[in-house]
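One structure is given below, encoded as structure tokens.
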Amino acid sequence: MVGKSARLFLSVAVAAVPAVGLSCGGSSSDGGTGPATPVIAMTAATSGDGQVAQIGAALPNPLRVVVTLSGAAQPGKTVTWAAPGTGASTSPLTSITDASGVATTTWTLGTAVGTQNATATLAGATGSPITFSATASAAPVPQLQKATTSSGDAQTATVATAVANPLRVLVTLSSAPQAGDTVTWAAIGTGSSVVPLKSVTDASGIATTTWTLGQLAGTQHATASLAGATGSPVTFSATGTSGAATQLALSSGNNQVASLSAAFTAPLMVKAGDQFGNGVAGVGVTWLVTSGSASVLPAGSNTDATGVAQTALTAGGTAGPVTITATSAGLTGSPVQFSASVTTVPATVAVNIGDFFFKSVANNTQNPAVDTIAVNGTVTWTWIGAASHGVESTGSPSFTNSTIKTTGTYAFTFTTAGTYTYDCLVHGSAMTGRIVVK
């Protein structure tokens, strides 16, 4: 009896050990051949598999698995979730199956465009791990552009003043206005500025700033930038105009020399400028010879678009220094004083012949070499180069040509007043000169 009772106890003990099974939406059994095995599977519907979203975005639907044992839902099972890939994550990393045997998590996609995967794992369960897939698309990029109306581009204002209308840009994302983006502004040029330096787009996607132009007249630029946006930076332009004239300064034509009754080579020029030196047009200037023998024509002139006024100076019949003034009432620097000299006409002139030029010894003019002599004066040409050259009279009146040679000199005495031109017998118009006889 004792042995029979022991055998009965062992049989009951084996039968008392239940077989554990795990399944998803179905059943799993041992078929009468052994213990049941847990089964993990995606839920029959709304499992979260096969979704599409932008990189870095959380998928709209959670991932869901069901755990069964012999076809019955198994609550209280711990499922582990994983999302490999840069920037990808699941939350929570582990979840407990509910009364329906379902465990869930939220999947945030990583940074790689294309197919991404996540897994659900239950230790010892059939079907573990389960792999979910999703398609990650590239995130849309914001676009920065000038506002379609009243952008503030291409305005005109006086230098160092604000343009009348603010600068305005539009930020869109997938063609929709984008609020809350920070636009950075910059103004280029001395004295130029924008206020504010940064502004945030409003509900219409618009950001604005006020632009004060710099000190230099002409075209100026400002920019709007948005990090990562297409079209960034956007460039605005404006035209800065000169302010009121405040100063008058010598521009060119000072310290010239001319012979008796001859015109000075270059005009006398002054520049009227605003407080920053920008040329101011339409400013009247009066010219006057205050000492010496010379004359100006015209005696009064207005500044041009660059702020420059000019006159021509002609020597009188008496040799000596000449002083000329340019005056514009009320301007700093006015009157501007020029100096000049009137000399007697020389009786001799020297010209060097080099490779490949004619050059006046008296005033260094070259190609053309320009000299003035008195009637019955003599010009002497001296060969200083290695190549062959010759003096050839051109135009009318004319004079006698030299021979072609490489060394030595050639002299000619001019007995009749006039302007004589010449070039090289060998090289033609590549080498030229002019003699004014008076």
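Spacing of the modelled spin labels on T46 and S204, each 7 Å from Cα toward Cβ, amounts to 4.2 nm.
Relative to the longest principal axis of the chain, what angle (0 to 90°, nearest 10) does the C-alpha long axis of helix 2-15 take? Helix 2-15 sits at roughly 30 degrees to that axis.
Rounded to 0.05, the FRET efficiency of the N255 and A227 pair, given R0 = 41 Å and the Cβ-Cβ distance, is 0.10. Here the dipole of the chain is about 640 debye; that uses its Cα centre as origin and unit charges on the Cβ of Lys and Arg (positive) and Asp and Glu (negative).
Relative contact order for the chain: 8 percent, from Cα pairs under 8 Å spaced at least 6 residues apart, divided by residue count. As a rough guide to protection, the peptides 146-156, 309-319 ranked by mean Cβ packing within 10 Å, highest first, stand as 309-319, 146-156. Pick from V169, V183, V65: which residue has the top mean-square fluctuation in a GNM of the chain where Cα pairs under 10 Å get a spring? Answer for the Gaussian network model of the chain: V65. Considering helices alone, the calculated mean residue ellipticity of the chain at 222 nm is -1000 deg cm²/dmol, with DSSP H runs of length four and up weighted by -39500 (n - 2.57) and normalised per residue.
Of the labelled figures (1) 93, 48, 35; (2) 167, 59, 33; (3) 71, 49, 39, only one reflects Cα extents along the principal axes in Å as derived from the coordinates, namely (2). Normalised by the number of residues in the stretch 348-437, what is the relative contact order in percent for Cα pairs under 8 Å and 6+ residues apart? Relative contact order here is 32 percent.
Where a number appears in this text, it was derived from the coordinates with a stated rule and is not lab data. Computed from a prediction, not measured in an experiment: that's the story for all the values here. Cβ atoms come from the backbone with ideal geometry, glycine included; neighbour counts cover every protein chain shown.
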